[in-house]
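Report on one structure; see the data block that follows.
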Amino acid sequence: MTNVKYVLSILGQILFYYSCSISLTFFNKWCFSKFHFPLMVSFFQMSMIGHVVWFYRGITKPSGKDPISWEMFFKRVCPTAIAASMDIGLSNWSFMYITVSMYTMCKSTCIVFILIAAIIFRIEKPKLLSIVVIGLISLGLFMFTYKATSFNLFGFILVMSASAIGGVRWVLAQILLQRDSLGLSNTLEFVYYVNPVMVATIMPLALGMEGSDMLLAPNFILAERSQQLHIVMIVLVAAVLALLLTFSEYILLSNTSSITFSISGIVKVLPTSR
């Protein structure tokens, strides 16, 4: 009975992750067709997630000693957060140049990088069967979406870089979430410590590359009040979806593994590949 409850719980978490991920993928693509500043949107999304988590934690978390030391923060949390920030930022940026199908095809290769990172960080043992299966899955995904894609070299480089960084991100996140001795097995605590570094990582890139252009954009500062409100609402909806996706990802990851998490995400290729 316990195993049945566990399986049903995991299936529920996967469905929650699917709905959030697919929704955000299509919404971001549409959002960036209206508001051409993906790095700034990523910055706003991460900032909103941080404010929500800090507010909720301030209400529910009793005062006391922090669960992690500064040494662990810099050694464990910062690399995870930087990888997560770059993964999200580059992924969103790639939407400016490639289709959802191309994006999905390239991001599906993340499972290969997860396996490599998992072996390097010694949370998975190298097995020939695993390597063959993951290789066949990646090849199948590539063949499935190949005819539905249009190629853009810069967009391809962005999304493949995000996929490679994402492999490291999910393995490092798994280590933090699944080792109780590190003190971050709780998803809320994990996001609380990771998010500020994510914001600090994406902020100089967003402001440096898109800040001035955004301020001078005809559909933002110089636009009419109604148009400004429309843009703000779009960004807020994207931020809410990003918040839901963040928790769905880390909740699922904390109860499975980075490889299982990546494999479970393969099903979402079907509705996003056309």
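DSSP loop (so not H, G, I, E, B), at most 12 other Cβ within 10 Å: list which trypsin sites (Lys or Arg not before Pro) in segment 38-113 pass both filters. Walk me through the intermediate numbers first.
Values: sites: Arg57, Lys65, Lys75, Arg76, Lys107; in loops: Lys65.
Loop-located and lightly packed - Lys65.
Quick check: pseudo-label points 7 Å beyond the Cα along Cα→Cβ at Leu215 and Ile10, how many nm apart are they?
The modelled label-to-label distance comes out at 5.1 nm.
Once phi is turned into ³J(HN,Hα) by the Karplus curve 6.51 cos²θ - 1.76 cosθ + 1.60 with θ = phi - 60°, what whole-Hz value does each residue of segment 166-180 show in order, with x for glycine and proline?
x, x, 5, 4, 6, 5, 5, 5, 4, 4, 5, 7, 9, 9, 4
Within segment 157-258, which GluC sites (Glu not before Pro) sit in a loop by DSSP and count at most 10 neighbouring Cβ atoms inside 10 Å? Can you show the working numbers first?
On the way: sites: Glu189, Glu210, Glu224, Glu249; in loops: Glu224.
Passing both the DSSP loop test and the Cβ count: Glu224.
What are the ³J(HN,Hα) values, in whole Hz, obtained from phi via the Karplus relation 6.51 cos²θ - 1.76 cosθ + 1.60 with θ = phi - 60°, for each residue of segment 112-127 in sequence order, with x given for Gly and Pro?
Karplus-based 3J(HN,Hα) across segment 112-127 equals 5, 5, 5, 4, 4, 5, 5, 5, 4, 8, 6, 9, 9, 8, x, 10 Hz.
If each of Ile251 and Phe154 carries a label point 7 Å out from its Cα toward its Cβ, how far apart are those two points in nm?
3.9
Of Lys107/Lys127; Lys29/Lys125; Lys5/Lys107, which ones are farther than 26 Å apart at the Cα?
Lys29/Lys125; Lys5/Lys107
Read-outs: derived from the displayed coordinates by stated rules, not from any lab. Quick caveat, the model's predicted, so the values are computed rather than measured. When we count neighbours, we look across all protein chains shown, and the Cβ atoms used for this are built from the backbone with ideal geometry, even at glycine.
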